[in-house]
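Heads up: the structure comes next, in structure tokens.
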Amino acid sequence: LAIPIMVMITVCYHYGWFEAAFGLTLLLAIQASFYGPAKYSYLKELVGMEQIAAGNSFLQSATIVGILSGTAVFSILFEQLIPHGATALAVLLPAVEPLGYFLIVCSILEFAMSLRLEAKTELDPTLRFPVGRFLTGQMLVEDIKLLHKNGVIWRSVVGLAIFWGVNQVLIAVYPEYLKRVVGLSDAALVQGIMGIGGLGIIIGSLIAGR
């Protein structure tokens, strides 16, 4: 799904359709929210229960590295592509159209790499996702009850939810703070400063895995 979405986003860049590009980017994020749990669910099969903590920390670190490096690279390219002093969306979006092509290539590469994943255990062909229980919220209630049975896991889930909640607020507000208060407008430098927080997450994940 990411490939056709990225193609449509690039078309929006070409024609300067900001609202459509924004909506499709949101759709891409929704697609990623489904992709994330699928990625983590494969982890146990990949590394086994004995290495689940270490595997989880490595996956978390690799994910953060991917986010930080992608953000840094595209911020630098964005700064290079936009015309100096340009503010009109009709000028900005077509100028960054090459980034869309780059993202399409990345999406195709991601899809190609996913095809290399192999199941180590035979899957039960009779298993079906319980859509009804999911839509009514019954599965959510069952999962929360299951989490409550283990205090350590429950507190970890709550702690992570609070951590990422605060983290997302800071990510949204911090660049604007640097621009208005500090007077820093270089996108690449702003993302580099924010990346320091990501390094902390990486180190913390590896320590937790140990």
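The values are calculated or read from the model by the stated rules, or taken from the named source; none is laboratory data. Keep in mind that what you see is a predicted model, and the values were worked out from it rather than measured. All Cβ positions, glycine included, derive from the backbone under ideal geometry; neighbour counts span all protein chains shown. Heads up: the accessible areas ignore ligands, DNA and RNA and are worked out on the full protein's heavy atoms, side chains in. Shrake-Rupley method; radii C 1.70, N 1.55, O 1.52, S 1.80 Å.
Report the accessible area of His148, computed with a 1.4 Å probe over the heavy atoms of all protein chains in place, in Å² rounded to the nearest 10.
The accessible area comes out at roughly 110 Å².
Carbon and sulfur together cover what percent of the accessible area of the range 1-121 at a 1.4 Å probe radius? Present the calculation step by step, with values, prior to reporting the outcome.
On the way: 5760 of 7880 Å².
C and S fraction of accessible area: 73 percent.
Once the piece of chain linking Phe78 and Val158 is laid out straight, how much longer is it, given 0.36 nm per residue of separation minus the C-alpha distance between them? Intermediate values should be presented prior to the final figure.
Numbers: separation 80, 0.36 × 80 = 28.80 nm, distance 3.64 nm.
Length difference between fully extended and current span is 25.2 nm.
Treat each spin label as a single point 7 Å out from the Cα along the C-beta direction, and report the Ala172 to Leu184 distance in nm.
Distance between label points: 2.2 nm.
Taking a probe of 1.4 Å, how large is the accessible area per residue of the chain, in Å²?
71
Using only the alpha-carbon atoms, what does the chain span along each of its principal axes? Please give whole angstrom values in decreasing order.
Dimensions of the chain along the principal axes of its Cα atoms: 57, 39, 34 Å.
For Glu19, what accessible area in Å² do you get when you roll a 1.4 Å probe over the heavy atoms of the protein chains, rounding to the nearest 10?
Approximately 140 Å² for this residue.
May I ask you to rank Lys149, Lys44 by accessible area, largest first, using a 1.4 Å probe over the protein chains only? Mind dumping the intermediate values first?
Details: Lys149 165, Lys44 115 Å².
Reading off the accessible areas and sorting them downward yields Lys149, Lys44.
Leaving ligands, DNA and RNA out of it, work out the accessible area of Trp17 with a 1.4 Å probe and give it in Å² to the nearest 10.
My reading of the accessible area for Trp17 is about 130 Å².
Treating the angle as unsigned and between 0 and 90°, give the value, to the nearest 10°, between the Cα long axis of helix 187-209 and the longest Cα principal axis of the chain.
10
What number, in percent, do you get for the relative contact order of the chain if the mean sequence gap of Cα pairs under 8 Å and at least 6 apart is divided by its residue count? Before the final figure, lay out each step's value.
Numbers: 133 pairs, mean separation 75.8, N = 210.
Result for the chain is 36 percent.
Need one number: nm distance between label points at Ala88 and Met113, each 7 Å from Cα along Cα→Cβ, rounded to one decimal.
Roughly 3.9 nm, to one decimal.
Any chance you could run the full-extension gain for Met49 through Met139? It's 0.36 nm times the residue separation minus the Cα-Cα distance, nm to one decimal.
Working: separation 90, 0.36 × 90 = 32.40 nm, distance 2.37 nm.
Fully extending the segment from Met49 to Met139 adds 30.0 nm.
Does anyone have the angle between helix 151-177 and the longest principal axis of the chain? Alpha-carbon axes, 0 to 90°, nearest 10?
With both axes taken from Cα atoms, the answer is about 0 degrees.
Quick one: Debye curve from the C-alpha atoms of the range 1-103, no solvent, what's log10 I(q)/I(0) at q = 0.10 Å⁻¹?
Summing over Cα pairs of the range 1-103 leads to -0.40.
Contact order normalised by length for the range 1-110, with contacts defined as Cα pairs under 8 Å and 6 or more residues apart; what percent is it?
Details: 73 pairs, mean separation 50.8, N = 110.
Relative contact order of the range 1-110: 46 percent.
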